[in-house]
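Here the structure comes first, spelled out in structure tokens, and everything after it is commentary.
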Amino acid sequence: MIALIGFYLLATPLQRLARRRGWRLAEKIPPFFARTVCFLLGLRVVFDGAALGPKPRMIVSNHVSWSDILVFASRETPCFVAKSEVADWPVFGAFARAQDTIFVKRDSRSDVARVNAAMAEKMRAGEDVLLYGEGTSSDGADVLAFKPSLFAAARDLLRLYPEVAAVTIQPAAIAYVASRGKKLDAEGRRVLAWFGDAELAPHIWTLLKHAPVDCRVRFGEALAYGAETDRKAIAAETEARVRRLAAALVA
């Protein structure tokens with residue numbers, strides 16, 4: 001709590017200023033924040049798999065817990081797409097707003113166009129966009145069906161900027177695979193998942209009680225979204241690849 005309050009008072013306004021001024025410091029603060037919080041929570045993170053494809057790039061992953069954001073942010077500084085409720089979270093919400101996270105109103109279908117346009121602009125500016133293809137978090141036992149509508153950001157980017165030949169769709173899978181040195185089975189992974197109507201504070205306490213927790217992220221071979229690409233087809237192929245990656249992580 002002391003660390004989070006310190007970040008809230010010092011790092012959040014500094015990050016907001018750094019992004020506004022275009023300082024390189026803006027690329028360093030979020031990974032430092034994420035690595036620090038992962039360390040305090042007892043999350044031990046390992047990345048492996050294929051090399052990331054060229055930019056503009058959309059990283060598409062399954063979604064297990066609120067802590068997925070910290071895990072991915074510990075590696076680099078992607079632009080996250082998160083549910084609008086995250087903006088009101090203590091400390092984490094303030095930092096998400098400072099990082100210019102794109103917030104989605106999940107109960108409003110009309111909001112999809114705005115979100116896709118915002119994602120397209122971020123990718124055009126050279127930022128990676130991290131998208132959770134399921135549109136929500138799962139219980140960690142399986143990957144839910146991906147929502148093709150969110151892949152339209154790549155289509156919008158190509159339409160707005162014809163000079164862009166293709167957008168990289170980078171499949172990724174995340175899994176919490178061990179607790180206190182012991183491999184987690186399906187029930188163990190379900191305990192550490194944050195989904196449905198679960199509250200945040202009790203889940204943080206659950207995570208702390210199971211620490212150290214080993215988390216693995218694996219990147220798959222990239223796909224290219226071109227002008228003639230079928231959005232639903234590439235969403236289905238990305239989902240299939242993420243499923244295979246996730247299964248391999250927990251095997």
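The values are calculated or read from the model by the stated rules, or taken from the named source; none is laboratory data. The structure displayed is predicted, hence computed values, not measured ones. Here Cβ is always computed from backbone atoms with ideal geometry, including for glycine, and neighbour counts include all displayed protein chains. The protein model used for the area step is the full one, side chains on, heavy atoms only, and it has no ligands, DNA or RNA in it. Shrake-Rupley method; radii C 1.70, N 1.55, O 1.52, S 1.80 Å.
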- Message: Yes or no: the range 34-44 includes at least one residue that is in contact with a strand residue (DSSP E or B) (Cβ under 6 Å, 6 or more places away or on another chain) and open to solvent by 20 Å² or more (accessible area, probe 1.4 Å).
- Response: yes
- Go through (1) in contact (Cβ under 8 Å) with a residue 60 or more places away in the chain; (2) surrounded by fewer than 21 Cβ atoms within 10 Å (Cβ to Cβ) one by one and return the number of the condition A172 breaks. (2)
- Item | the range 241-251 - residue that is over 18 Å from the mean Cα position of the chain (by Cα) and open to solvent by less than 60 Å² (accessible area, probe 1.4 Å) and, of those, modelled with the lowest pLDDT | V250
- Item | Test: residue in the range 223-235 that is open to solvent by 20 Å² or more (accessible area, probe 1.4 Å), without any contact (Cβ under 8 Å) to a residue 24 or more places away in the chain and of a type in the set (G, A, S) | yes
- For the range 199-215 the number of residues that are in contact (Cβ under 8 Å) with a residue 12 or more places away in the chain, out of contact with any strand residue (DSSP E or B) (no Cβ under 7 Å at 6 or more places or on another chain) and either within 27 Å of P148 (Cα to Cα) or part of a loop (DSSP other than H, G, I, E, B) (or both) is 1
- Item | Residue check, L17 of a type in the set (A, V, I, L, M) and assigned to a helix (DSSP H, G or I) | yes
- Task: Looking only at the range 12-29, decide whether some residue is buried (at least 21 other Cβ atoms within 10 Å of the Cβ) and under 28 Å from E163 (Cα atoms).
- Result: no
- Task: Out of G188, G196, report the one residue that is open to solvent by less than 20 Å² (accessible area, probe 1.4 Å), small (G, A, S), within 18 Å of N62 (Cβ to Cβ) and outside any strand (DSSP E or B).
- Result: G188
- Query: Hey, A153 hits all of (1) surrounded by fewer than 17 Cβ atoms within 10 Å (Cβ to Cβ); (2) in contact (Cβ under 8 Å) with a residue 12 or more places away in the chain; (3) of a type in the set (A, V, I, L, M, F, W, C) but one; which does it fall short on?
  - Reply: (1)
- Can you tell me which residue among E127, E121 is open to solvent by 40 Å² or more (accessible area, probe 1.4 Å), closer than 26 Å to L4 by Cα, modelled with pLDDT under 95 and not hydrophobic (A, V, I, L, M, F, W, C)? E127
